[in-house]
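Structure first, then comments.
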Amino acid sequence: MTRILLADDDRVVLFTLAEGLREAGFAVIEARDGLQALALCHDEAPDLALLDIRMPGLDGLELARRLRDETAVPFLFFSAYGDEDFVRRAVKIGALGYLLKPLDVAAMVPTIRTALARAQDLSGLQGALESNRSIATAVGMLMQAEGLDRATAFERLRLQARSERRKLEDLAITMVESDRPKES
């Protein structure tokens, strides 16, 4: 059964969403603040974390950064705040989605299933990345040059290879070789 961590400091929202998600067939782990959510993600390793933006202890954005850096738990946000700055920051951190309150569980389920599928795709890409040194090096170069996270850098490399109709590995080798100092 797919396990979802749900983190929100509003007990009514937490209870309502947790019950609705359980009825939709998910196992739900509940956290009432960011620090509790982080500990549960470390201990329980849920398949997905649904994070409120504003929580005591550790807000949702900082929690997401910690999840990204310390765990393999993918996440998406839900919030009453839909302003562009929050959304942009959520995307930059690596969110798989951003839902606005008030939430309807039936409407959330497709987004959750999409986020789970995307997380699985990214996990597979991560494995391919780790098994290919040239691709990993090219991704690292993009990360450093443009200040990107790993997934974004990989996606950019993949899209460039597609647009140039080249194999990903061939593009990566070209990038790595062009960055080497020239022999005299």
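Rule-based calculations on the coordinates, nothing more; no lab input. Everything numeric here is computed off the predicted structure, so don't read it as measured data. Note: ideal-geometry Cβ built from the backbone for every residue, glycine included; neighbour counts use all protein chains shown.
Can you check what the net charge comes to around Ala18, using other residues whose Cβ is under 14 Å from the Cβ of Ala18 (Lys, Arg +1; Asp, Glu -1)?
Residues near Ala18 contribute -3 overall.
In degrees between 0 and 90, to the nearest 10, how far off the longest principal axis of the chain does helix 133-146 point, with axes built from Cα atoms?
Value to nearest ten degrees: 70.
Please give the calculated 222 nm ellipticity per residue for the chain, where each DSSP H segment of at least 4 residues contributes -39500 (n - 2.57) and the sum is spread over every residue; nearest 500 deg cm²/dmol?
-19500 deg cm²/dmol
Dividing the Cα convex hull volume of region 39-115 by residue count, how many Å³ per residue is that?
Here the figure is 91 Å³ per residue.
Any idea what the relative contact order of the chain is, in percent, if you count C-alpha pairs under 8 Å spaced at least 6 apart?
Answer for the chain is 15 percent.
In degrees from 0 to 90, rounded to the nearest 10, what is the angle of the helix 34-44 Cα long axis to the longest principal axis of the chain?
The angle comes out near 70 degrees.
Given 10 Å bins starting at zero, what is the percent of C-alpha pairs of region 132-179 in each, up to the one with the largest pair distance?
Binned Cα distances yield the sequence 32, 60, 8.
Once the Cα atoms of helix 150-163 and of the chain are each reduced to a long axis, what angle between those two axes, in degrees from 0 to 90 to the nearest 10, is obtained?
Tilt relative to the chain: about 50 degrees.
Quick one: Debye curve from the C-alpha atoms of the chain, no solvent, what's log10 I(q)/I(0) at q = 0.13, 0.15 Å⁻¹?
The calculated log intensity ratios at q = 0.13, 0.15 Å⁻¹ are -0.70, -0.87.
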